[in-house]
1. Within 13 Å of the ligand (Cβ to nearest atom), crowded, with 16+ Cβ neighbours inside 10 Å and farther than 30 Å from residue 265 by Cβ: which single residue out of 132, 193 fits that description?
2. I want to confirm something. Restricting to the stretch 297-324 and keeping residues that are away from the ligand (no atom under 16 Å from the Cβ) and assigned to a helix (DSSP H, G or I), which single residue is farthest from residue 259 (Cα to Cα)?
3. Of the residues 115, 102, which is free of Cβ contacts under 8 Å to residues at least 24 places away in the same chain and either exposed (fewer than 12 other Cβ atoms within 10 Å of the Cβ) or closer than 25 Å to residue 335 by Cα (or both)?
4. For the stretch 196-206, enumerate the residues that are assigned to a loop (DSSP other than H, G, I, E, B) and away from the ligand (no atom under 12 Å from the Cβ).
5. Select from the stretch 167-188 the residues that are within 16 Å of residue 133 (Cβ to Cβ) and surrounded by fewer than 22 Cβ atoms within 10 Å (Cβ to Cβ) and list them in ascending order.
6. I need every pair where a residue in the stretch 283-296 that is closer than 15 Å to residue 215 by Cα and within 7 Å of the ligand (Cβ to nearest atom) has its Cβ under 7 Å from the Cβ of a residue that is part of a helix (DSSP H, G or I) and at pLDDT 95 or above, sequence separation at least 6 or different chains.
7. For the stretch 236-253: of the residues being under 25 Å from residue 141 (Cβ atoms) and touching a helix residue (DSSP H, G or I) at 6+ places or on another chain (Cβ under 6 Å), which is nearest to the ligand (Cβ to nearest atom)?
Ligand code: PHE
């Protein structure tokens with residue numbers, strides 16, 4: 001009787017063994033035989049009904065069936081695993097002879113290139129970077145820079161006001177005040193950032209970038225400014241470039257200067273780039289006005305300083321021969337591609 005059942009189970013295993021070809025159907029078979037409610041487990045449970053004197057004999061038979069089933073299942077499982085693995089290998093096969101997917105390499109925006117070069121040059125001279133807020137209050141952008149509300153110089157820059165007191169900064173010079181209020185000399189900072197003016201043509205954009213420099217210490221003179229600018233101009237425009245200072249006016253510097261570099265295109269003979277003059281204006285600068293120092297709690301009888309500010313787009317346009325500022329803001333890949341180094 002028991003032997004019949006055992007034979008039936010063995011037959012069943014053998015007939016379906018070949019059809020088991022994945023882990024799922026294998027697990028189902030295993031559970032159907034050896035699981036809690038499986039057929040072999042049921043035989044064990046039925047031992048209760050076997051007369052006591054036959055139990056050792058029947059027990060042995062069932063145990064050997066279980067051992068046989070386990071061994072057979074191991075074989076089936078090994079076959080299934082092998083098959084599944086080879087299917088996986090087939091699916092994941094990589095053809096190493098196929099040509100690769102080419103990823104286009106991007107390039108830095110000319111503004112970024114100039115900004116990085118300037119930061120390199122000036123940090124090499126010991127300048128630290130300070131980045132002020134783009135939304136400024138009137139005090140930092142104008143009043144503290146010796147430009148009170150009724151000062152005519154406020155007309156020099158058309159300002160985007162947000163409220164009576166808040167505005168989009170028109171110059172990175174606002175950062176000078178923030179630094180001097182918080183730090184006592186010696187001060188040597190470089191302040192790059194975006195600035196905003198209501199201005200829009202081939203050489204002006206309502207948003208552009210400036211780079212401001214400020215040095216305050218005992219005994220700083222205009223000569224220090226000139227010497228530093230000479231080094232800067234040579235590094236950015238070329239070894240043969242000379243600088244010259246022309247008198248100018250900014251409310252927060254006294255004296256104020258406009259800085260020209262000798263034309264690096266024609267070497268000073270006169271060409272289209274320098275409009276026949278041999279010189280190109282690159283930045284504004286000057287000695288920090290004593291009122292500005294005083295306003296920040298720095299004694300102008302002990303300390304002096306110089307400041308300079310330049311437009312990054314302007315430097316980029318000059319250096320790379322870009323004739324329209326719009327090109328710097330349009331993100332046209334055909335334009336940007338040319339700046340791969
Ligand atoms: N802030 C001035 C401008 O935007 C430039 C400048 C900076 C001039 C520092 C002198 C000193 O035109």
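The values are calculated or read from the model by the stated rules, or taken from the named source; none is laboratory data. Keep in mind the model is a prediction, meaning the values are calculated, not measured. So basically every Cβ, Gly included, is an ideal-geometry build from the backbone, and we count neighbours across all protein chains shown.
1. 132
2. Among residues in the stretch 297-324 that are away from the ligand (no atom under 16 Å from the Cβ) and assigned to a helix (DSSP H, G or I), the one farthest from residue 259 (Cα to Cα) is 320.
3. Residue meeting the stated conditions: 102.
4. Those that are assigned to a loop (DSSP other than H, G, I, E, B) and away from the ligand (no atom under 12 Å from the Cβ): 198, 200, 202, 203, 205, 206.
5. 167, 168, 178, 179, 181, 182, listed by residue number.
6. Note: pairs meeting the criteria are 285/225.
7. 252
Results for (1) in a strand (DSSP E or B); (2) at positive phi; (3) at pLDDT below 95; (4) away from the ligand (no atom under 11 Å from the Cβ), shown as yes or no for each residue.
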| position | (1), (2), (3), (4) |
| --- | --- |
| 181 | no, no, no, yes |
| 208 | yes, no, no, no |
| 211 | yes, no, no, no |
| 224 | no, no, no, yes |
| 231 | no, no, no, yes |
| 234 | no, no, no, yes |
| 255 | yes, no, no, no |
| 266 | no, no, yes, yes |
| 269 | no, no, yes, yes |
